[in-house]
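K.L.:
Please see the structure below; I have some questions.
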Amino acid sequence: MSDGRARSNEAMRTSRRCGARTRSGGFCRAPAVHGKARCRMHGGAARSGAPWGNRNARKHGVFTQDRLAERRAIRDLLGETLALLNELEEGTRGPLPLDPEKAP
């Protein structure tokens, strides 16, 4: 197999490395794809990774900051409403249960 020529692995040793984190906390040691920051296994291959503008994040919007704030406001409003209903009903039949299935 060897034809007598000395092999040069200088290009491999000096090439830029992938910056992806491994599960053990270190960095991936594979060489990065030419013109990219990641190796072929971590997103350097053609047509890999998320699309420009991150259209995937807008697919359902469940975890956007606006939706999280809206759900937090609704939860606070429901808590205030339950407290008000408990104040109104306290003299009649006692406090309202938190679980609707336990309601009389």
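The values are calculated or read from the model by the stated rules, or taken from the named source; none is laboratory data. It should be emphasised that the depicted structure is a prediction, and the values quoted were computed from it without experimental measurement. Using ideal geometry, Cβ is built from the backbone for each residue, glycine included, and neighbour counts are taken over all protein chains shown.
K.L.:
Taking the criterion of being among the small types (Gly, Ala, Ser) and either at pLDDT below 85 or assigned to a loop (DSSP other than H, G, I, E, B) (or both), would at least one residue in region 79-89 satisfy it?
P.N.:
No, region 79-89 contains no residue that is among the small types (Gly, Ala, Ser) and either at pLDDT below 85 or assigned to a loop (DSSP other than H, G, I, E, B) (or both).
K.L.:
While we're on this one: Those residues that are outside any loop (DSSP other than H, G, I, E, B) and closer than 18 Å to Ala45 by Cβ, I need them from region 1-33; list them, please.
P.N.:
Scanning region 1-33 gives Arg17, Pro31.
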